[in-house]
Amino acid sequence: MSTASEHDKNVLKTVLKISGLMFSYATTGNDVNSWALHDLSLTVTEGEIVCILGASGCGKSTLLNVIAGLLPPGAGTIEFSNQSDAAGRIGYIFQNDALFPWRTVGENLLLASEITRTIPKADAGEKIKQHLQTFHLQEKVLRQYPSQLSGGMRQRVSIVQALMFNPELFLLDEPFSALDFYTKLKLEGEFVALVKEQRKAAVLVTHDIEEAVAMADRVLIMSKDGALIAEFQIQPEEGARSPDAARGTAKFAQYYQSIWAELKMVIGQ
Amino acid sequence: MSKSISAKSKNSRTWEYFLYPLPLVLFVVAWYLLTDNNPSRQFIFSSPQQVLSAFVRLSSSGELYRNAGVTIFEAVMGFLMGTTVGALLGLSLWYSRLVARIAQPYITAIATVPIFALAPIVIVWFGIGIFSKIMLAFLSTVAVAIVQSYQGAMSVEPRYLRLMQVVGATRWQTFRIVVMPSSWIWVVNAMKLNIGLALLGAFIGEFISAEEGLGYMIVKASGLYDMATVFVGIFALIVIALGLTAVVEQIERRILKWRV
C-alpha cells in the first residue's frame, strides 16, 4: 500500500512546495524565539488533503496567510506548481465566509469573471450552474442575499466562489467549525469528493481531530513554536473513503488515539 | 399562532400611528390654553389661532411657498454638493494613509469652525444671493460626509480585503467592489446628519443677509414682533426637514436593501 502511495506521489503534480519557511511578526531583530513559523517544509500534491493540527496560537492560520501571500515570509521559499506567484492559484475558505453581504449570491459568484476578466459572463453562468449542482444548491439561491442563507449554504457558496477562480490549491481555515454536526459531515464529504475528482490540493487547518482524520490524507502536528513535528499518513479502510463512513471504522479510532496522544504532548497535558 | 402574532403586530402599528401626533396635539392644546384671551402672552408666544391665520395669509399670497422653495433649493443643492464631494474625498482617503493623516487636522478644522463664523466671509465673497447660501450649506455638510465616509472606508471587514488580495484584485477593483459598497451605510448616515446641517447653513445665510428664504422671512417678522409668522417659518422648516429625511430614508431602503 505504501509503495503504491509513493508511486502515486511520483506521478502526481506537486501543487505546493514549501522549503525552510520562517515567519516572524516582529519587524526588527532576528531572534529565533520570535519566529511564528520555524523552518517549515511541506509538499502537497494534486488530489491530496493535508491537515494541520496544533494548539491555539501556534501559527496554523499564520501559515495559511503566508502561503496565500497575505503575509511576507521571513525566509524560505514557497512554490505553486514550480511557480513563485500565488495569484489565481489559491482558493481561501475562511472560518466565517467572505461573501459580500450587499451582493446577491449570483453577483458574489461572478466575482471571478469581474476580477480576472478572462471568463465571459455567459460561460461563468454555465460554470456556476454546474458548481451549484455539485454542492446541492438550488438555482434560486442566486437571487438571494448571503444573509438569507443558512451557515452551511453560505460555506457551500464560498467554496463555489473559490472554485470559480479555478484554483489549484485550497486553503481552509477551520471552515466547518461554525456548522452543526450534520451539515459539517455533508460538507466534509462534498469537499473531499471535489478535491479527489477535480485533482485539486488542499491545506486544512482545524482544531477538530475527527475532522482531520476523516478528511485528510496526511495529518501534520504543529508545535507551539510553529514547527511541523509529527506526520500521520491516513489510510482509510477499503470502502470507507468518505468522511462519514470513515468515522465508523476501527482504523479511525486508532488514528484518533495516536494523534490525540501526540497533540497532548504538544499542548503539554 | 403566527396569525395571532401578525394580528398583534398590526394592532401595535395602529396604536403607533395614533400615538405619533399625540405630543403635537398636547403641545397645541397647552399653547391654546396658556394664550387664549391673554393679549400680553399672545404678543410674546403668539397663539395657535394666530399662527393658523398667518399660515392661511402667507399661503394664499404665495409668500410662504416662494420662501420655502428658495430655502429648499439652497439646502438641497448644498446638501448634494457637500455630501457628494465629502463622500468622494473621504472614500478616496482609503488609498493613502499618509494623505489621510495629513488631511486629518484640516478636516477637523472645517468640522469645528462654527458656520456662523464663516457666514460673513462667505457672504462677502459670494454675495447676498442664493449662491452664498448654497456655499454655506455645502460647508456645513462637507466635513461630516468626509469623516463618515472615511470611517466607512477604514471599517471594511478585513476578511473581504483578504479575499480580494488572495484572488489578485487590483487596488481599484478592491475600492470599487468592496470599499465603496461596504461604506454606503456610513454615507447614508452622513446624509441623515447632513439634512439638518444643510438647512442650518442655508438658514444662517438667510438670517445674516438675504432678500428671500425662510430665514429672511423669520428675521423680518421677528423685527416686527410678528410671532405668528415666525412660528409659521419654524413649522415650515420642520416640515422640510421631515420631508427630506423621508427622501433619504427611501434612498437608504433602496441602497441598503440587502440588510434584510
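The numbers here are math on the coordinates, done by the rules we state, and not lab data. A quick note: this is a predicted structure, and the numbers were derived from the prediction, not measured. For neighbour counting, all protein chains shown are included, and Cβ atoms are generated from backbone atoms with ideal geometry for every residue, glycine included.
Here the Karplus curve 6.51 cos²θ - 1.76 cosθ + 1.60, taken at θ = phi - 60°, turns the phi angles of region A:174-179 into couplings of 6, x, 10, 5, 8, 9 Hz, with x standing for Gly and Pro. Rounded to whole numbers, the Karplus 3J(HN,Hα) couplings from phi for region A:151-156 are x, x, 5, 4, 5, 4 Hz, using 6.51 cos²θ - 1.76 cosθ + 1.60 with θ = phi - 60°, and x at Gly and Pro. I'd like the distance separating the alpha-carbon centroids of region A:155-183 and region A:215-261, in whole Å. Going from one Cα centre to the other spans 20 Å.
Please work out whether region B:1-112 counts as rounded, prolate or oblate from its C-alpha gyration tensor, where a ≥ b ≥ c are the square roots of the eigenvalues and a/c under 1.5 means rounded, while otherwise a/b larger than b/c means prolate and anything else oblate? Verdict is oblate for region B:1-112.
State the antiparallel share, in %, of DSSP beta bridges confined to the protein assembly as shown, rounding to the nearest 5. Of the beta bridges lying entirely in the protein assembly as shown, close to 50 percent run antiparallel. Phi angles across region B:27-42 convert, under the Karplus curve 6.51 cos²θ - 1.76 cosθ + 1.60 with θ = phi - 60°, into 3J(HN,Hα) values of 4, 5, 4, 4, 4, 4, 5, 6, 10, 5, 6, 9, x, 5, 5, 5 Hz, Gly and Pro given as x.
Neighbours of B:Leu214 by Cβ distance under 12 Å: Lys/Arg scored +1, Asp/Glu scored -1, total -1. With a ≥ b ≥ c taken as the square roots of the eigenvalues of the C-alpha gyration tensor of region A:96-166, please select rounded if a/c is under 1.5 and otherwise prolate if a/b is larger than b/c or oblate if it is not? In terms of gyration-tensor shape, prolate. Dividing the summed helix terms, -39500 (n - 2.57) for each DSSP H run of n ≥ 4, by the number of residues in the protein assembly as shown produces a 222 nm estimate of -19000 deg cm²/dmol to the nearest 500. Per-residue mean of foreign Cβ neighbours for B:155-163 is 4 (Cβ atoms of other chains, 10 Å radius).
Counting every other Cβ atom within 10 Å of each residue's Cβ, A:Leu63, B:Leu98 order from fewest to most as B:Leu98, A:Leu63. Using the alpha-carbon atoms, what tilt in degrees (0 to 90, nearest 10) does helix B:2-19 show relative to the longest principal axis of chain B? It works out to around 50 degrees. First check a/c for chain B, with a ≥ b ≥ c the square roots of the eigenvalues of its C-alpha gyration tensor; if it is under 1.5, answer rounded, and if not, answer prolate when a/b is larger than b/c or oblate otherwise. Because a/c hits 1.5 or more and a/b fails to exceed b/c, chain B counts as oblate. With contacts taken as Cα pairs under 8 Å and at least 6 residues apart, region A:96-166 reaches a relative contact order of 50 percent.
Summarising the amide proton neighbourhood of A:Tyr92: residues at separation of 5 or more, or on other chains, whose placed amide H is nearer than 5 Å comprise A:Leu171.
Net charge in the neighbourhood of A:Ile267 (other residues with Cβ under 14 Å of its Cβ; Lys, Arg +1, Asp, Glu -1) is +1.
Neighbouring Cβ atoms from other chains, within 10 Å of the Cβ of residues in B:165-174, number 6 on average. Taking amide H positions as modeled 1.01 Å from N, with prolines and chain starts lacking one, the residues under 5 Å from A:Gly76 and 5 or more places away or on another chain are A:Met22. Pick out which of B:Ala169, B:Ala145, B:Ala87 has the largest mean-square fluctuation in a Gaussian network model of chain B, springs linking Cα atoms closer than 10 Å. Residue with maximal mean-square fluctuation among B:Ala169, B:Ala145, B:Ala87: B:Ala169.
Annotation: amide H of A:Cys51 within the under-5 Å range of A:Leu204, A:Asp217, A:Arg218, A:Val219, A:Leu220, sequence separation 5 or more or interchain, hydrogens built in the peptide plane. Taken residue by residue and averaged, Cβ atoms of other chains lying within 10 Å of the Cβ of B:251-258 number 2.
Specify the angular offset, from 0 to 90 degrees and rounded to the nearest 10, of the alpha carbon long axis of helix A:121-134 from the longest principal axis of the alpha carbons in chain A. On a 0 to 90 degree scale, this one is about 60. Semi-axes of the equivalent ellipsoid of the protein assembly as shown are 64, 27, 20 Å, computed as sqrt(5λ) over the eigenvalues of the C-alpha gyration tensor in descending order. Packing, taken as the mean count of other beta carbons within 10 Å per residue, orders the peptides B:240-247, B:47-54 from highest to lowest as B:47-54, B:240-247. Hey, what angle do you get for helix B:97-112 against the long axis of chain B, alpha-carbon based, 0 to 90 degrees rounded to 10? That works out to roughly 10 degrees. Using a Gaussian network model of chain A in which every pair of alpha carbons under 10 angstrom is joined by a spring, one finds that among A:Ala245, A:Ala26, A:Ala75 the greatest mean-square fluctuation is at A:Ala26.
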